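The values are calculated or read from the model by the stated rules, or taken from the named source; none is laboratory data. Keep in mind it's a predicted model, so treat the numbers as computed, not measured. Here the Cβ is made from the backbone with ideal geometry for all residues, glycine too, and neighbour counts use every protein chain on show.
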Amino acid sequence: MVKIKEGYVMNAREKVEFDRVNALPRKTSGVVAYYFKPQTKYPPRIYVFMHAEIWCDRNRRPMGLFHTMPFLSRPMNREEIEYHHFDIRLCYHQYEDWDKLIYTEEQEAEELDKENPGTGSAFLEKLKSYRNDYPVGQPQNPQPRINEQLTESGESNLMGELISNGQHYSLQQISELLIKEQQGEKRMTILILLRELYKSRATGQTEGHNMTIAQIERKALMSQQRTRRNYVRRVYQKNKLFALEEIRVKYPDYTEARLQADLLVKKRRFRNKKRKPIVDLRRCQLEKLARKLSFEDLSEHDYHHTCCRIVLLQNAHKLRMPILLTVNLNKNKLIYSFNWRTRESVVKFFVGLANTRGMTHEQLALRHKEMSSSNYSF
């Protein structure tokens, strides 16, 4: 049962809601997912999502976990499923201290062991093994020895060290190196490499570990060109007459030919407008007849017959005349009427029914009534 404070008495409205939710069937299973959020302007923390299988990416976006993958997961025990059965909102817990997280999970692991012996203990050991990989609750600005060694080395030595051993650094160490570089020399190649390492370490990918020096230098060159191009366009937009002189203050070797190249905007690719597909009978027939006129070699008689057919269909469509189908069964001829916008597939289905062996007008009339009175299926 759901946990209620001792001595708390529900009012009538809460009792009705409790009885309604209590009568609903319980979920048979659920997943608990553990996400690590590295330090930004807030301390690092671990998010624990209950019933993680129903969470989509956009629901985790406010926590900054849109692209993050869980580093660990476990099944929910029966008590957790019962407790969260009465919580209609998405539920998560956050911890900024490993000790508090482990203390809470020890109690849940005991319940898992009762249901399935050994699963809770195995999960708890696995959770404790991540303690060194995801630092939570440690001082915000520690000074590891590795940072002092790296900052003393040159750019080429630092790049080689990061490429070869970057996968062994923790998120905390990479974050501090990135902050120092941004506040210090701001070397573009080092910044790009540290960002790729941070992204690959946070998401569990390996792209940042496999980058070569040539790839990093190419990214740095493209970034410099993009920065210059954006600056040139801003200056030219404000002052077209003296833009070249103002740009040469920052870029002395800048030429007029380079200015024209930077101002050149590639042609934008215009997407075709989305249009609703043509599905009604008359317009489908008009399209087929128009295609027949354009791509088929027709005789004079067929050409004249096709043109007359197009005119008749166009007038009927313009006047919104109903679609009339003549059916002859057992020497008894009847006319069935459909709405002017009826789909081509519906009319073909009705014609197939009329051509079925043993079909009678009584059966066909019932189907026609069902099809013409329905707003959804037909």
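So the check is Cβ under 7 Å with 6+ separation or different chains; which pairs have a first residue in segment 198-214 that's polar (S, T, N, Q) and a second one that's at pLDDT 70 or above?
Here the result reads 203/67; 203/68; 203/69; 206/200, each pair linking segment 198-214 to a residue that is at pLDDT 70 or above.
Give 294, 299 a once-over and let me know the one that is at pLDDT 90 or above, of a type in the set (Gly, Ala, Ser), within 25 Å of residue 276 (Cβ to Cβ) and surrounded by fewer than 11 Cβ atoms within 10 Å (Cβ to Cβ).
The unique qualifying residue is 294.
Residue pairs, Cβ under 6 Å, 6 or more apart or interchain, first in segment 215-244 and in a helix (DSSP H, G or I), second polar (S, T, N, Q) and surrounded by 11 or more Cβ atoms within 10 Å (Cβ to Cβ). List them.
Once the first residue is in a helix (DSSP H, G or I) and sits in segment 215-244, its partners that are polar (S, T, N, Q) and surrounded by 11 or more Cβ atoms within 10 Å (Cβ to Cβ) give 216/189; 220/189.
Please determine whether any residue of segment 323-334 is at pLDDT below 90 and either farther than 30 Å from residue 230 by Cβ or assigned to a loop (DSSP other than H, G, I, E, B) (or both).
yes
Please determine, by comparing only the residues of segment 326-356 that are within 18 Å of residue 279 (Cβ to Cβ) and either among the small types (Gly, Ala, Ser) or not assigned by TED's automatic domain parsing to the domain that holds residue 369 (or both), which one is nearest to the chain's Cα centre (by Cα).
Result: 345.
For segment 84-96, how many residues meet the condition of being closer than 17 Å to residue 72 by Cβ and surrounded by fewer than 15 Cβ atoms within 10 Å (Cβ to Cβ)?
2
Each row is one residue, and each column tells you yes or no for (1) modelled with pLDDT of 75 or more; (2) among the aliphatic types (A, V, I, L, M); (3) outside the structural domain of residue 77 (by TED's automatic domain parsing); (4) on the phi > 0 side of the Ramachandran plot.
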{"residue": "134", "(1), (2), (3), (4)": "yes, no, yes, no"}
{"residue": "137", "(1), (2), (3), (4)": "yes, no, yes, yes"}
{"residue": "140", "(1), (2), (3), (4)": "no, no, yes, no"}
{"residue": "149", "(1), (2), (3), (4)": "no, no, yes, no"}
{"residue": "178", "(1), (2), (3), (4)": "yes, yes, yes, no"}
{"residue": "184", "(1), (2), (3), (4)": "yes, no, yes, no"}
{"residue": "187", "(1), (2), (3), (4)": "yes, no, yes, no"}
{"residue": "193", "(1), (2), (3), (4)": "yes, yes, yes, no"}
{"residue": "196", "(1), (2), (3), (4)": "yes, no, yes, no"}
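Which one of these is surrounded by 18 or more Cβ atoms within 10 Å (Cβ to Cβ) and farther than 24 Å from residue 135 by Cα: 220, 243?
Result: 243 is the single residue among 220, 243 that is surrounded by 18 or more Cβ atoms within 10 Å (Cβ to Cβ) and farther than 24 Å from residue 135 by Cα.
Under 6 Å by Cβ, and 6 or more places apart or on different chains, what pairs join a residue from segment 275-296 that is polar (S, T, N, Q) with one that is at pLDDT below 90?
That search, which allows pairs on different chains as well, returns nothing.
In segment 41-71, what residues are among the hydroxyl-bearing types (Ser, Thr, Tyr) and under 14 Å from residue 137 (Cα atoms)?
42, 47
How many residues are touching an Asp or Glu at 6+ places or on another chain (Cβ under 9 Å) and in a helix (DSSP H, G or I) if we restrict to segment 168-187?
1
Are any of the residues in segment 301-319 touching a His at 6+ places or on another chain (Cβ under 7 Å), within 20 Å of residue 280 (Cα to Cα) and not in a loop (DSSP other than H, G, I, E, B)?
Checked segment 301-319: no residue is touching a His at 6+ places or on another chain (Cβ under 7 Å), within 20 Å of residue 280 (Cα to Cα) and not in a loop (DSSP other than H, G, I, E, B).
Please count how many residues of segment 17-54 are surrounded by 13 or more Cβ atoms within 10 Å (Cβ to Cβ), assigned to a loop (DSSP other than H, G, I, E, B) and over 21 Å from the mean Cα position of the chain (by Cα).
Qualifying residue count for the region: 6.
So if I check each of 276, 348, which one is out of contact with any helix residue (DSSP H, G or I) (no Cβ under 6 Å at 6 or more places or on another chain) and part of a loop (DSSP other than H, G, I, E, B)?
Residue meeting the stated conditions: 276.
So, in segment 245-270, of the ones that are basic (Lys, Arg) and not in a helix (DSSP H, G or I), which residue ends up nearest to residue 225 (Cα to Cα)?
My answer is 266.
Out of 57, 113, I need the residue that is on the phi < 0 side of the Ramachandran plot, free of Cβ contacts under 8 Å to residues at least 12 places away in the same chain and surrounded by 14 or more Cβ atoms within 10 Å (Cβ to Cβ). Which one?
None of the other options fit; the residue is 113.
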